[in-house]
1. Any idea what % of Cα-Cα pairs in segment 16-120 are farther than 25 Å?
2. Determine the equivalent ellipsoid of segment 124-206 by diagonalising the alpha-carbon gyration tensor, then write out the semi-axes as square roots of 5 times the eigenvalues, largest first, rounded to whole Å.
3. Take 151, 168, 142 and order them by how many other Cβ atoms sit within 10 Å, fewest up front.
4. For segment 31-202, just list the percent of Cα-Cα distances falling in each 10 Å bin from zero outward, please.
5. Would you give the gap between the C-alpha center of segment 83-106 and the C-alpha center of segment 122-186, rounded to a whole Å?
6. Going by C-beta contacts inside 10 Å, put 176, 79 in order with the fewest on the left.
7. Okay, helix-only estimate at 222 nm for the chain: each DSSP H run of n ≥ 4 adds -39500 (n - 2.57), divide by all residues, round to 500 deg cm²/dmol; what do you get?
8. Fewest Cβ neighbours within 10 Å first, please rank 29, 100 accordingly.
Amino acid sequence: MMKFLQSRLLLLPAIFLCLLAGCTQGAKLRPLPVNGIVLAYGDSLTYGTGAAENESYPAVLEQLTGHRVLNYGVPGEISADGLSRLPGVLDHEKPALLILCHGANDILRRLDRRQAADNLRAMIRLARDRGIDVVLIAVPDFTLTLTPPQFYTDVAAEFNIPVDTRSFPRILGNGSLKADYVHPNAAGYHQLAEDIAAFLKKKGAI
């Protein structure tokens, strides 16, 4: 009996993670208003490093969706600095939807991942407190597996917001879609924009 109970207890963390993943997969977005602004927020992956300005994923996403998509990516930015500048951006632009893609430089610089997760939480709260929907784009660990850190899924589940954990691993795992080790090229950003557009449609935003 003791061994039976121990085996069941060992399964609890896995069951809990499955439940969290299920909540995240079921998260929905409100339909974007006709004139609703989308704010693409992050670091160089949002800015479009590795491609021309009009080839960044926000620029392509604007063409694909017909919605205005603002590019607020800052190359080299860590999540703590992203958190500091976000309130002013939200208050100035008043977007209907925030696409949050941050944490790559925290990962590359081997900064505290718990703090990176807390910074993401704080950014999501800033948006939600203003009535802004949020989509989280997970950045991979830049290793052979390109698996995103678990905190992206955990944070998304806590707030019941959609999270895309598949796009960057698939793109950065394809040499023909990369400009360098960590950045897509023009074709990669176009693929990312297509993925995000399909994701937004699936989640009810467009």
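Laboratory data are not the source of any read-out in this text; all were calculated from the coordinates shown. Bear in mind the structure is a predicted one, so any value in this text is a computation, not a measurement. Methodologically, a virtual Cβ is constructed for each residue, glycine included, from the backbone with ideal geometry; neighbour enumeration extends over all protein chains shown.
1. 29 percent
2. So the three semi-axes of segment 124-206 are 24, 16, 10 Å.
3. Lowest to highest Cβ neighbour count: 142, 151, 168.
4. Calculated over all Cα pairs of segment 31-202, the distribution is 11, 43, 38, 8, 0 percent.
5. Cα centres, segment 83-106 to segment 122-186: 14 Å.
6. 176, 79
7. -16000 deg cm²/dmol
8. Least to most surrounded, the residues fall as 29, 100.
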